[in-house]
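Input: a single structure, listed below in structure tokens.
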Amino acid sequence: MAKILITAATTATAIKIKKAFAGFKLILADYGEVPQLQTENYSFLSLGNQNKESTAHILLTSCLDQDVNMILPLYRFEIEAVSKAVTLFTEYGIKVLLPHIDLLSQYDVQIDPKNWLILENGNILYQSFPDHVKNEEAANLKLNGAFYIETQTEKLGLISI
């Protein structure tokens with residue numbers, strides 16, 4: 001079973017996104033103290049004290065220690081750090097669920113958080129709403145990450161905290 005590390009574990013956003021990964025073993029990670037809860041499908045992990053200068057290193061080390069296959073960073077400072085280190089994560093066989101660094105600013109927009117989806121290489125892994133969408137932009141750019149979506153216009157906004 002594939003493992004994914006999702007950050008911001010103690011936030012409502014991470015708990016909401018957790019349901020998108022029913023077929024995965026989840027590691028819900030956050031800085032400082034986290035609940036000491038573990039189930040068959042997920043567990044919590046403390047990333048220690050927050051240190052923005054070594055964010056990518058902390059997350060990569062945690063992924064390697066936990067034998068993680070994918071990472072979904074949710075804090076804004078993590079998104080920037082990890083997007084700059086995608087090559088390093090990839091070298092260790094860890095898929096980063098973020099758009100390419102050159103596209104980050106394009107998706108740093110506020111959109112109604114009611115509807116959201118998870119993309120991997122432009123394919124929808126999960127969507128929180130019943131309507132079927134086929135976002136051509138996401139498919140053409142092979143986007144990765146967690147996005148809010150305006151279902152009428154299919155405008156995407158990267159989920160971040």
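The values are calculated or read from the model by the stated rules, or taken from the named source; none is laboratory data. The model shown is predicted, which means the values in this text are computed figures rather than measured ones. Positions of Cβ are generated from backbone atoms using ideal geometry, with glycine treated the same way; all protein chains shown enter the neighbour counts. Please note that ligands, DNA and RNA were not included when accessible areas were found on the heavy atoms of the full protein model with its side chains. Shrake-Rupley method; radii C 1.70, N 1.55, O 1.52, S 1.80 Å.
With respect to (1) part of a loop (DSSP other than H, G, I, E, B); (2) within 23 Å of residue 22 (Cα to Cα); (3) free of Cβ contacts under 8 Å to residues at least 60 places away in the same chain; (4) of a type in the set (A, V, I, L, M, F, W, C), the lone exception for residue 161 is condition (3).
Summed over the range 113-130, the residues that are open to solvent by 90 Å² or more (accessible area, probe 1.4 Å) and in a loop (DSSP other than H, G, I, E, B) give a count of 2. Looking only at residues in the range 99-112 that are part of a helix (DSSP H, G or I) and closer than 28 Å to residue 67 by Cβ, the one that is most open to solvent (accessible area, probe 1.4 Å) is 101. I'd like the full set of residues that are out of contact with any strand residue (DSSP E or B) (no Cβ under 6 Å at 6 or more places or on another chain) and not aliphatic (A, V, I, L, M), limited to the range 44-61. Across the range 44-61, the qualifying residues are 46, 48, 49, 50, 51, 52, 53, 54, 55, 57, 61. Residues that are open to solvent by 40 Å² or more (accessible area, probe 1.4 Å) and touching a strand residue (DSSP E or B) at 6+ places or on another chain (Cβ under 6 Å) were ranked within the range 68-92; the one that is nearest to residue 158 (Cα to Cα) is 86. Of all residues in the range 85-110, those that are over 16 Å from residue 4 (Cβ atoms) and free of Cβ contacts under 8 Å to residues at least 12 places away in the same chain have Cβ atoms under 8 Å from Cβ atoms of residues that are of a type outside the set (A, V, I, L, M) and open to solvent by less than 30 Å² (accessible area, probe 1.4 Å), 6 or more apart or on another chain, in 106/99.
Does any residue of the range 27-38 turn out to be modelled with pLDDT of 90 or more, closer than 23 Å to residue 121 by Cβ and in contact with a Ser or Thr (Cβ under 9 Å, 6 or more places away or on another chain)? The answer is yes, given that some residue of the range 27-38 is modelled with pLDDT of 90 or more, closer than 23 Å to residue 121 by Cβ and in contact with a Ser or Thr (Cβ under 9 Å, 6 or more places away or on another chain). Within the range 135-145, the set of residues being out of contact with any strand residue (DSSP E or B) (no Cβ under 8 Å at 6 or more places or on another chain) and surrounded by fewer than 16 Cβ atoms within 10 Å (Cβ to Cβ) comprises 136, 140, 142. The single condition from (1) outside any helix (DSSP H, G or I); (2) open to solvent by 10 Å² or more (accessible area, probe 1.4 Å); (3) within 21 Å of residue 25 (Cβ to Cβ); (4) touching a Gly at 6+ places or on another chain (Cβ under 8 Å) that residue 148 fails is (3). For the range 24-40, a residue qualifies if it is of a type outside the set (A, V, I, L, M, F, W, C) and either under 17 Å from residue 145 (Cα atoms) or open to solvent by less than 20 Å² (accessible area, probe 1.4 Å) (or both), and exactly one does: 30.
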